[in-house]
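K.L.:
One structure, as structure tokens, below. Some questions next.
The values are calculated or read from the model by the stated rules, or taken from the named source; none is laboratory data. This one's a predicted model, so the numbers in the text were calculated from it and none came from an experiment. Positions of Cβ are backbone-derived with ideal geometry, glycine not excepted, and every protein chain shown enters the neighbour counts.
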Amino acid sequence: MAFTSVDISLAHAQAENTDLKGVDDSAAITAIQVVETPSAEAVVKENKKAAKNRKNSSTKKTGKSISESLPGEKLTIKQVMEILKTTRDLSGKNLSGLQLVGINLSKCSLKGIDLNHANLERADLSESDLERADLTGANLKMSNLRLSGMTGAVVERAILDGAIWKDGMVCATGSIGQCREFAVTSFGK
């Protein structure tokens, strides 16, 4: 046991309103509190153990755990791929401006995701939950949005040429911000 601090209290003498002049210091001591603190070796050992646990819990390739990313912090493509391998839940994540051409995001939870100005050309978003997703200015050419839930999703200025819309309709060329039904042309008349 290491004794590192001694607390000398004069509270008792002060509480009795006694004059401390001429009183021997040893008589004024009413309580001695001994505080035990860990040795320097124990502190170093505990710090190393905590650092090792933090290192083991983080993602190896990115150096940062996905759960440690700050709200609104833009994820990298590597982080996105790690999430897709495990939970397929990208709810509330920031993927704005990423090049996600041909990515498979089918059956993912994408509630509140930020995909503004992301390149999702030929991406599979079928059966995904895109509730409150921000797709402002995203490139969704030839993407599959069939059976996706898009309640409250923002598709302002999104390019939807040739995209398969949530109801299975193919969007016509020039569909920006809304899916215009593909015009079926009749040949030979």
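K.L.:
All but one of (1) in contact with a Cys (Cβ under 8 Å, 6 or more places away or on another chain); (2) surrounded by fewer than 20 Cβ atoms within 10 Å (Cβ to Cβ) hold for LYS107; which doesn't?
P.N.:
(1)
K.L.:
Then there is this: Under the condition of being of a type in the set (Asp, Glu) and over 18 Å from ALA133 (Cβ atoms), which residue from the stretch 54-110 is modelled with the lowest pLDDT?
P.N.:
So, considering only residues that are of a type in the set (Asp, Glu) and over 18 Å from ALA133 (Cβ atoms), the one modelled with the lowest pLDDT is GLU68.
K.L.:
Has the stretch 149-156 got any residue that is in contact with a strand residue (DSSP E or B) (Cβ under 7 Å, 6 or more places away or on another chain) and part of a loop (DSSP other than H, G, I, E, B)?
P.N.:
For the stretch 149-156, residues in contact with a strand residue (DSSP E or B) (Cβ under 7 Å, 6 or more places away or on another chain) and part of a loop (DSSP other than H, G, I, E, B): absent.
K.L.:
Hey, could you check the stretch 157-189 for residues that are modelled with pLDDT of 90 or more and outside any loop (DSSP other than H, G, I, E, B) and say which is farthest from LEU105 (Cα to Cα)?
P.N.:
ILE176
K.L.:
Anything in the stretch 112-137 that is farther than 20 Å from LYS78 by Cα and not β-branched (Val, Ile, Thr)? List them, or say none.
P.N.:
Residues satisfying the conditions are GLY112, SER126, GLU127, SER128, ASP129, LEU130, GLU131, ARG132, ALA133, ASP134, LEU135, GLY137.
K.L.:
Kindly list the number of the only condition in (1) under 31 Å from the mean Cα position of the chain (by Cα); (2) modelled with pLDDT under 95 that fails for THR136.
P.N.:
It is condition (2) that THR136 fails.
K.L.:
Then there's this: So if I check each of ARG180, ARG132, which one is without any contact (Cβ under 8 Å) to a residue 40 or more places away in the chain, basic (Lys, Arg) and at positive phi?
P.N.:
ARG132
K.L.:
Here is a further query. Mind checking which pairs have a first residue in the stretch 143-155 that is within 18 Å of ARG132 (Cβ to Cβ) and in the same structural domain as LEU100 (by TED's automatic domain parsing) and a second that is part of a loop (DSSP other than H, G, I, E, B) and among the β-branched types (Val, Ile, Thr), Cβ under 9 Å, 6 or more apart or different chains?
P.N.:
From the stretch 143-155, the pairs are VAL154/THR136; VAL155/THR136.
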